[in-house]
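Scroll down for the structure; my scribbles are underneath it.
Where a number appears in this text, it was derived from the coordinates with a stated rule and is not lab data. Please read these numbers as outputs of a predicted model, since none were measured by experiment. Cβ: placed from backbone, ideal geometry, glycine included. Neighbour counts: every protein chain shown.
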Amino acid sequence: MKKLARREEEIMEMLWEKGPMFVKEMLLLCDEPRPHFNTMSTVVRNLETLGYVGHNAFGSTYQYYALVSREEYRKMTLRGVVSKYFDNSYLRVVSSLVQEEEITLDELKELIRMVEEGGVSQLTIDN
């Protein structure tokens, strides 16, 4: 899967949050200045070509829906970052987070505890 551009990610976020949508509905969720209808349609069709979205036809208009889940995209994006910037080493990722003080020793201990107990899927990231 290809890493998406900012606008493409925004559209995917809309579909993940709101479910199936028409382009007109997506435009209403965009910040001002809103893109032109044709521009938005082109981006959505590109997402469809890439395999991220599908559509249902209603006459001459299409309602688009996500084919790729937020979780699938998150995992793919993380793998890409780890591969590109950390030589496929998750240990280097964690080490970098510790060095940059983005994760505390207590958080790291909690992560280790969760891994040992098999509860990593319960882990949430607060921003």
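May I ask you to derive the FRET efficiency for Lys75 and Leu28 from their Cβ-Cβ distance with R0 = 30 Å, giving the value to the nearest 0.05?
With R0 = 30 Å, the Cβ-Cβ based efficiency is 0.50.
So how tilted is helix 70-86 from the main axis of the chain? Cα-based, degrees 0 to 90, rounded to 10.
Rounded to the nearest ten degrees, it is 50.
Report, in degrees rounded to the nearest 10, the 0 to 90 angle that the Cα long axis of helix 105-117 makes with the longest principal axis of the chain.
Between the helix axis and the principal axis of the chain, the angle is about 80 degrees.
List the lysines whose Cα lies under 16 Å from the Cα of Lys75, skipping any in the same chain that are fewer than 8 positions away.
Lys2, Lys3, Lys84
Tally Lys/Arg at +1 and Asp/Glu at -1 over every other residue whose Cβ is under 14 Å from the Cβ of Glu100; what's the total?
On the way: positive: Arg92; negative: Glu101, Glu102, Glu107.
That works out to -2.
Set Lys and Arg Cβ to +1 and Asp and Glu Cβ to -1, take the dipole of the range 70-119 about its Cα centre, and tell me which of Leu78, Ile112, Val98 lies farthest positive.
So the residue furthest toward the plus end is Leu78.
When N is the residue count of the chain, what does its C-alpha Rg come to as a fraction of 2.2 N^0.38 Å?
1.35
For the range 6-66, what are Rg and Dmax over the alpha carbons, in angstrom?
Values for the range 6-66 (Cα only, Rg and Dmax): 10.5, 30 Å.
Gaussian network model of the chain, Cα springs within a sub-10 Å range: biggest mean-square fluctuation belongs to which of Glu117, Glu71, Glu13?
Evaluated over the chain, the most mobile residue of the options is Glu117.
Work through the residues other than Val82 whose Cβ is under 11 Å from its Cβ and net out their charges, Lys, Arg +1 and Asp, Glu -1. Can you show the working numbers first?
On the way: positive: Lys75, Arg79, Lys84, Arg92; negative: Asp87.
Local net charge: +3.
In deg cm²/dmol and to the nearest 500, what is the mean residue ellipticity at 222 nm of the chain if only DSSP H runs of at least 4 residues count, each as -39500 (n - 2.57), divided by the residue total? Intermediate values should be presented prior to the final figure.
Values: 6 runs with 73 residues, N = 127.
Computed ellipticity for the chain at 222 nm equals -18000 deg cm²/dmol.
I'd like the orientation of helix 90-99 relative to the chain: the angle between its Cα long axis and the longest Cα principal axis, in ° from 0 to 90, rounded to 10.
On a 0 to 90 degree scale, this one is about 70.
Quick one: putting +1 on the C-beta of Lys and Arg, -1 on the C-beta of Asp and Glu, what dipole do you get for the range 70-119 around its Cα centre, in Debye to the nearest 20?
Dipole of the range 70-119, to the nearest 20 debye: 340 debye.
Subtract the Cα-Cα distance of Arg92 and Met1 from 0.36 nm times their separation in residues, and report this length gain in nm to one decimal.
Net length gain for the segment: 30.4 nm.
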